[in-house]
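Report on one structure; see the data block that follows.
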Amino acid sequence: MRALELVASWPVPYAAAVVVAADGTVLDATGDIDRRYALASMTKMLTAWAVLVAVEEGTVALDDPIGQPDCTLRHLLAHAGGYSLDDRRPVRPPAERRIYSNAGIELATEHVQAQTGLAFAGYLGEAVLGPLGMTATELVGSPAHGARSTARDMARFLAEAQRSALLDPATAAAASQPHYPTLAGIVPGVGRFDPCPWGLGFEVRGGKSPHWTGRTNSPSTFGHFGASGTMAWIDPAAAVALVALTDWRYDEWSADALRLWPALSDAVLAEMATA
């Protein structure tokens, strides 16, 4: 795809990108797709998928109470639990505001860990990474932001997120559907939105503008980006997904990223529309 030629002009030392069709076919790739990158907050997508496997197994339930009163596993995965970024002391009641929270994700995974008797890194490996053949991916820190992976492995995950082999279709769909859809909030590094829709572990594009996905991405697009300069989205309307990994922190080139990521996304979607 000519769209991927844009990646070569990015102001980063290393970058790799892969376009994945809805049936899991890799349509094209650029860069060293076997080079490992820190995923940063893109880790949350993998983490949420593992938590949903635990839900399907009956080990946990989305309505399990966790943390402050009236807070549930569902609240935490949707950044609606009332916890700030890295503090486990609640700052709002649940479902009052969309507050992006690493602490909430960590509380969610500790619940899974307690119910399964497995360290979450081990459970992630057994539930998601192993079955998908993501052999180059590992969780080396927080389940909110501590995974490392390759573009090749993340392409496997994007195939799974489009047509899941690990989850029932209804459970997989719940990950990308807005939960508590009227909540306002901030997408860190992007802006404040009202409403600010999120799924379970995935941001949902909705009507957010400007945004880190493309101008032509559908409102149903879901995905995540990371502070390590990484991003991935799935657009169900276009039946395609894109992952791009770099090794330059987002906060060092955020102005470029918010211009270059959408340009790449729009170019990929334009090619898909004429294929």
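Looking at PRO188, PRO143, just one residue is under 15 Å from LEU73 (Cβ atoms) and touching a residue at least 60 places away in the same chain (Cβ under 8 Å), and that residue is PRO143.
Pull up segment 229-259, narrow it to residues that are in a loop (DSSP other than H, G, I, E, B) and either modelled with pLDDT of 95 or more or of a type in the set (Asp, Glu) (or both), then point me to the one that is surrounded by the most Cβ atoms within 10 Å (Cβ to Cβ). If we take residues in segment 229-259 being in a loop (DSSP other than H, G, I, E, B) and either modelled with pLDDT of 95 or more or of a type in the set (Asp, Glu) (or both), then GLY229 is surrounded by the most Cβ atoms within 10 Å (Cβ to Cβ). So which of THR59, THR43 is outside any strand (DSSP E or B), among the β-branched types (Val, Ile, Thr) and farther than 30 Å from ALA184 by Cβ? Result: THR59 is the single residue among THR59, THR43 that is outside any strand (DSSP E or B), among the β-branched types (Val, Ile, Thr) and farther than 30 Å from ALA184 by Cβ. Before we move on, is THR47 touching a Ser or Thr at 6+ places or on another chain (Cβ under 8 Å) and not small (Gly, Ala, Ser)? When the stated conditions are applied, THR47 passes them.
Within segment 212-228, the residues that satisfy the criterion of being surrounded by 22 or more Cβ atoms within 10 Å (Cβ to Cβ), not hydroxyl-bearing (Ser, Thr, Tyr) and not in a strand (DSSP E or B) are TRP212, GLY214, ASN217. Screening segment 75-162 for helices (runs of 4 or more DSSP H) wholly inside it with 3 or more residues that are touching a Leu at 6+ places or on another chain (Cβ under 7 Å) returns the ranges 102-116, 151-162. Considering every residue within segment 76-88, establish whether at least one is basic (Lys, Arg) and surrounded by fewer than 18 Cβ atoms within 10 Å (Cβ to Cβ). Yes - at least one qualifying residue is present in segment 76-88. Of all the numbered requirements in (1) over 21 Å from TYR180 (Cβ atoms); (2) buried (at least 22 other Cβ atoms within 10 Å of the Cβ), LEU200 misses one, and that requirement is (1). Here is the figure for segment 201-246: residues that are free of Cβ contacts under 8 Å to residues at least 60 places away in the same chain and among the β-branched types (Val, Ile, Thr) total 4. Restricting attention to segment 175-184 and to residues that are surrounded by 19 or more Cβ atoms within 10 Å (Cβ to Cβ), out of contact with any strand residue (DSSP E or B) (no Cβ under 6 Å at 6 or more places or on another chain) and not hydroxyl-bearing (Ser, Thr, Tyr), the residue that is nearest to PRO131 (Cα to Cα) turns out to be ALA175. In a residue-by-residue description of segment 131-148, the property of being more than 21 Å from LEU245 (Cβ to Cβ), modelled with pLDDT of 95 or more, out of contact with any His (no Cβ under 8 Å at 6 or more places or on another chain) and surrounded by fewer than 17 Cβ atoms within 10 Å (Cβ to Cβ) applies to at least one position. Output the residue which, of all residues in segment 114-130 that are surrounded by fewer than 18 Cβ atoms within 10 Å (Cβ to Cβ) and without any contact (Cβ under 8 Å) to a residue 24 or more places away in the chain, is farthest from the chain's Cα centre (by Cα). Among residues in segment 114-130 that are surrounded by fewer than 18 Cβ atoms within 10 Å (Cβ to Cβ) and without any contact (Cβ under 8 Å) to a residue 24 or more places away in the chain, the one farthest from the chain's Cα centre (by Cα) is GLY117. Among the residues making up segment 10-46, those that are farther than 19 Å from MET134 by Cβ, in contact (Cβ under 8 Å) with a residue 40 or more places away in the chain and not aliphatic (A, V, I, L, M) are TRP10, PRO11, PRO13, TYR14. Only one entry in GLU96, GLU57 is more than 21 Å from the chain's Cα centre (by Cα), surrounded by fewer than 19 Cβ atoms within 10 Å (Cβ to Cβ) and closer than 16 Å to PRO197 by Cα, namely GLU96.
Every test in (1) more than 18 Å from THR30 (Cβ to Cβ); (2) surrounded by fewer than 17 Cβ atoms within 10 Å (Cβ to Cβ) is passed by ALA270 save one, and that test is (1). The residue that is surrounded by the most Cβ atoms within 10 Å (Cβ to Cβ), among those in segment 1-36 that are touching a Gly at 6+ places or on another chain (Cβ under 8 Å) and over 15 Å from SER265 (Cβ atoms), is ALA16.
The values are calculated or read from the model by the stated rules, or taken from the named source; none is laboratory data. Keep in mind that what you see is a predicted model, and the values were worked out from it rather than measured. Note that each Cβ is placed from the backbone with ideal geometry, even for glycine, and that neighbours are counted across all protein chains shown.
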